[in-house]
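One structure is given here, and the rest of the page talks about it.
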Amino acid sequence: MDKTKLEALCNSLTLFKNKEDEYKRARIELEEEITAMLATKDEGTDKAEAGQYRVTVTSKLTRVLDYEAYLAIESGLPEGVRCVRLKPELDIKRLRALEMVDPSLPAHFVTTKPAKASVKVEVI
């Protein structure tokens, strides 16, 4: 391993990461200013044109489910308006335990592929 090259790569990565953070903050400030100018509703789309630009602001609301509270009233709701669905997801800890028992079994129902690697550089 060439430590001089690795240090140079880390220097460049740190520089670009700092610039990326700076640009992201600036972008978010500009988006907030544009949103303040155009948004007229809590949820929906507003559009405008200015010179060579067409701007679309999509406003959204975040909703959080209190599942216990929903369960308390669900039986009283008509079938057509029950608005909670359950989404199956993998329990990685239990999947690894299953792989220890029989490594070939998960291949029947799980597709595994490499994800983007994470790189963390710290100044010491």
(message) What's the number of the only condition in (1) among the charged types (D, E, K, R); (2) surrounded by fewer than 10 Cβ atoms within 10 Å (Cβ to Cβ); (3) at pLDDT 95 or above that D42 fails to meet?
(response) (3)
(message) If I ask for residues that are surrounded by 10 or more Cβ atoms within 10 Å (Cβ to Cβ) and farther than 30 Å from L6 by Cα, which ones from segment 103-124 would you list?
(response) L105, P106, A107, V110
(request) Go through segment 77-103 and give me each residue that's among the small types (G, A, S) and at pLDDT 95 or above. (result) A97
(request) Could you please find all residues in segment 82-113 being out of contact with any Pro (no Cβ under 9 Å at 6 or more places or on another chain), under 30 Å from L71 (Cα atoms) and not in a loop (DSSP other than H, G, I, E, B)? (result) I92, K93, R94
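Report, by residue number, each residue of segment 34-50 that is outside any strand (DSSP E or B) and of a type in the set (A, V, I, L, M, F, W, C).
First, pick out the residues of segment 34-50 that are outside any strand (DSSP E or B): 34-43.
I34, A36, M37, L38, A39, listed by residue number.
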(request) Considering (1) surrounded by 11 or more Cβ atoms within 10 Å (Cβ to Cβ); (2) without any contact (Cβ under 8 Å) to a residue 12 or more places away in the chain; (3) of a type in the set (V, I, T), say which one T56 fails and leave the rest. (result) (1)
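The values are calculated or read from the model by the stated rules, or taken from the named source; none is laboratory data. No experiment lies behind these values; they were computed from the predicted model shown. When we count neighbours, we look across all protein chains shown, and the Cβ atoms used for this are built from the backbone with ideal geometry, even at glycine.
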